[in-house]
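The values are calculated or read from the model by the stated rules, or taken from the named source; none is laboratory data. Given the structure is predicted, the values throughout are model-derived calculations rather than measurements. Methodologically, a virtual Cβ is constructed for each residue, glycine included, from the backbone with ideal geometry; neighbour enumeration extends over all protein chains shown. Areas reflect the complete protein model, heavy atoms only, side chains present, ligands, DNA and RNA absent. Shrake-Rupley method; radii C 1.70, N 1.55, O 1.52, S 1.80 Å.
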Amino acid sequence: MSDQQRRPGKPYRRPKKDPVRILAFEALRAVDERDAYANLVLPPLLRKAREKGDFDGRDAALATELVYGTLRRQGTYDAIVAACVDRPLREVDPPVLDVLSLGVHQLLGTRIPSHAAVSASVELARVVLGDGRAKFVNAVLRKVAQDDLDGWLAKVAPPYDDDPEDHLAVVHSHPRWVVSALWDSLGGGRAGIEALLAADNERPEVTLVARPGRATTEELLGEEAAVAGRWSPYAVRLAEGGEPGAIEAVREGRAGVQDEGSQLVAIALANAHLDGPDEKWLDGCAGPGGKAALLGALAAERGAVLLASEKQPHRAGLVAKALHGNPGPYQVIAADGTRPPWRPGSFDRVLVDVPCTGLGALRRRPEARWRRRPEDLDGFAPLQRGLLKSALEGVRVGGVVGYATCSPHLAETRAVVDDLLKQFPQTELLDARPLLPGVPDLGEGPDVQLWPHLHGTDAMYLAVIRRTG
């Protein structure tokens, strides 16, 4: 059958294949269908596109912005699309929603001209969905294009005075329960929570760590687009477009990619005052190895030995890779930290960066905000308490434990620490703030909560506990 026979009266035109938008669509489908994370899905897709000759640097940057921008603003865009369709959003096929969301982001979240955003999205729909559903995409996006983002937010977000949490949830694209939890943890009024939610929607900087004894910040600062970190003496930030894999020290494992908040947690534990020997350190939840590599290097400077323990064998392998070449002795084992193979009182310093909801790293894993549920907290609670209990049993009298988590949720931070302090009355909670010298806005203490909008880091939490008997 000829094109003319397929489309009487109008020649059939094959849709234009746009490699950038097709790749972005494929990444969103992987995130939705396989519960994948964009930061794991996108790099191999980009690498394959470069190898095929489909992409240059600008194409990769646009694809990355389309994927991450769409995921970060998904809640806002869903509310806008819902106002433009004649059926409940749950009845729209997920692949269609992905194309629509990509189109809405181009219309409302980028500088792409409206006509180009609509046209490119319709062409994408023709390629991946077919002509019939492309017409639906065209109709919806033309409605969206009639207003800008502020105009749409005025229409779809409830007034702040009527429902503050729902207003913030729609405007800043977070689930309502997450808004409520973050607001409880942060405290204060509207300005602070708005700043935090807005920071969650910003693209995070890439931060490197110069592992002591193996690399220096001076070496890393010699790289193009590199600037000094804000708080950690081992941190170097890469300006937008900087590629860690192009840096020799990173390729060789002498430096690594590590958020500055993560670095500060390891440094704080290493700097806590001890009475007595300082010879045996433990990272009780070591995977994937960033903190362990920094702790191992700091331990080596003092002649101490690090034991890095990780329950999952494949993650223990990542820890061993991160520690390979450490200037001092260390050991990596695969072990369950809640049923440890070591004897009680074996260590002078212990760090447990426990598994959590990850609500402190929503800048880096924007899809996590849509996957997590309040009931997930109940699933993590026994593990978090079990790991801290094991850490307190594993440290000697006079030694210190650092309890850390990449979540500011009070159920994962102070509630856990308070419960274990009651179980272990012969302990004391130390003031962690002096262990992060120069870092402002650390609150009333004695524990420390970092924030993206105040410190430019992930929302890491740290409590430092001394075993007194």
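Output the residues belonging to segment 341-380 that are farther than 30 Å from residue 71 by Cβ and charged (D, E, K, R).
Listed by number, the residues that qualify are 343, 348, 349.
Name the residue that is nearest to residue 361 (Cα to Cα), counting only residues in segment 387-406 that are open to solvent by less than 10 Å² (accessible area, probe 1.4 Å), aliphatic (A, V, I, L, M) and part of a strand (DSSP E or B).
For segment 387-406, the residue satisfying everything is 404.
Every residue in segment 428-456 that is outside any strand (DSSP E or B) and among the charged types (D, E, K, R), please.
431, 433, 441, 444, 447
Tell me whether segment 294-309 contains one or more residues that are part of a helix (DSSP H, G or I) and over 25 Å from residue 448 (Cβ atoms).
yes
Quick one: residue 216 ticks every box in (1) hydroxyl-bearing (Ser, Thr, Tyr); (2) in contact (Cβ under 8 Å) with a residue 12 or more places away in the chain; (3) open to solvent by 20 Å² or more (accessible area, probe 1.4 Å) except a single one, so which number is it?
Looking at each condition in turn, residue 216 falls short on (2).
Could you pull out the residue among 276, 256, 287, 261 that is part of a strand (DSSP E or B) and in contact (Cβ under 8 Å) with a residue 12 or more places away in the chain?
Only one candidate qualifies: 256.
Residue-wise test of (1) in contact with a strand residue (DSSP E or B) (Cβ under 7 Å, 6 or more places away or on another chain); (2) modelled with pLDDT of 95 or more; (3) surrounded by 22 or more Cβ atoms within 10 Å (Cβ to Cβ).
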| position | (1), (2), (3) |
| --- | --- |
| 294 | yes, yes, yes |
| 307 | yes, yes, yes |
| 310 | yes, yes, yes |
| 315 | no, yes, no |
| 320 | yes, yes, no |
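Has segment 351-361 got any residue that is touching a residue at least 12 places away in the same chain (Cβ under 8 Å), under 16 Å from residue 415 (Cβ atoms) and surrounded by fewer than 17 Cβ atoms within 10 Å (Cβ to Cβ)? Steps first, answer last, please.
Taking segment 351-361 as the starting set, the residues that turn out to be touching a residue at least 12 places away in the same chain (Cβ under 8 Å) are 351-361.
Checking which are under 16 Å from residue 415 (Cβ atoms) leaves us with 352, 354-357, 359-360.
Okay, now just the ones that are also surrounded by fewer than 17 Cβ atoms within 10 Å (Cβ to Cβ), so none.
No, segment 351-361 contains no residue that is touching a residue at least 12 places away in the same chain (Cβ under 8 Å), under 16 Å from residue 415 (Cβ atoms) and surrounded by fewer than 17 Cβ atoms within 10 Å (Cβ to Cβ).
Mind listing whichever residues of segment 407-419 are in a loop (DSSP other than H, G, I, E, B) and open to solvent by 20 Å² or more (accessible area, probe 1.4 Å)?
Applying the first criterion (in a loop (DSSP other than H, G, I, E, B)) to segment 407-419 yields 407-413.
Passing the criteria: 409, 410, 411.
Exactly one condition in (1) open to solvent by 60 Å² or more (accessible area, probe 1.4 Å); (2) modelled with pLDDT of 95 or more is false for residue 364; which is it?
Residue 364 satisfies every listed condition except (2).
How do the helices (runs of 4 or more DSSP H) wholly within segment 138-228 filter down when requiring 3 or more residues that are over 20 Å from residue 453 (Cα atoms), more than 25 Å from the chain's Cα centre (by Cα) and at pLDDT 95 or above: which remain?
The helices (runs of 4 or more DSSP H) meeting that bar are 149-156.
Residue 207 is checked against (1) buried (at least 21 other Cβ atoms within 10 Å of the Cβ); (2) closer than 19 Å to residue 163 by Cβ; (3) polar (S, T, N, Q) and fails just one. What number does that condition carry?
(2)
Hey, can you tell me all the residues within segment 230-249 that are within 22 Å of residue 64 (Cα to Cα) and open to solvent by less than 80 Å² (accessible area, probe 1.4 Å)?
Hits for segment 230-249 are 237, 238, 239, 241, 242, 244, 245, 246, 247.
Restricting attention to segment 38-49, does a residue exist that is modelled with pLDDT under 90 and more than 24 Å from the chain's Cα centre (by Cα)?
No.
Quick check: anything in segment 335-349 touching a residue at least 24 places away in the same chain (Cβ under 8 Å), touching a Phe, Trp or Tyr at 6+ places or on another chain (Cβ under 6 Å) and assigned to a strand (DSSP E or B)?
yes
Return only the number of the condition from (1) among the basic types (Lys, Arg); (2) open to solvent by less than 40 Å² (accessible area, probe 1.4 Å); (3) assigned to a loop (DSSP other than H, G, I, E, B) that residue 369 does not satisfy.
(3)
Residue check: is residue 30 within 19 Å of residue 72 (Cα to Cα) and either in a loop (DSSP other than H, G, I, E, B) or at pLDDT below 90 (or both)? Step through it out loud before you land on a result.
On the way: within 19 Å of residue 72 (Cα to Cα): yes; either in a loop (DSSP other than H, G, I, E, B) or at pLDDT below 90 (or both): no.
Considered against the rule, which asks whether it is within 19 Å of residue 72 (Cα to Cα) and either in a loop (DSSP other than H, G, I, E, B) or at pLDDT below 90 (or both), residue 30 comes out as no.
Are any of the residues in segment 399-406 farther than 21 Å from residue 272 by Cα and not polar (S, T, N, Q)?
no
Just give me the residues in segment 66-90 being surrounded by 24 or more Cβ atoms within 10 Å (Cβ to Cβ), β-branched (Val, Ile, Thr) and more than 14 Å from residue 149 (Cα to Cα), in sequence order.
67
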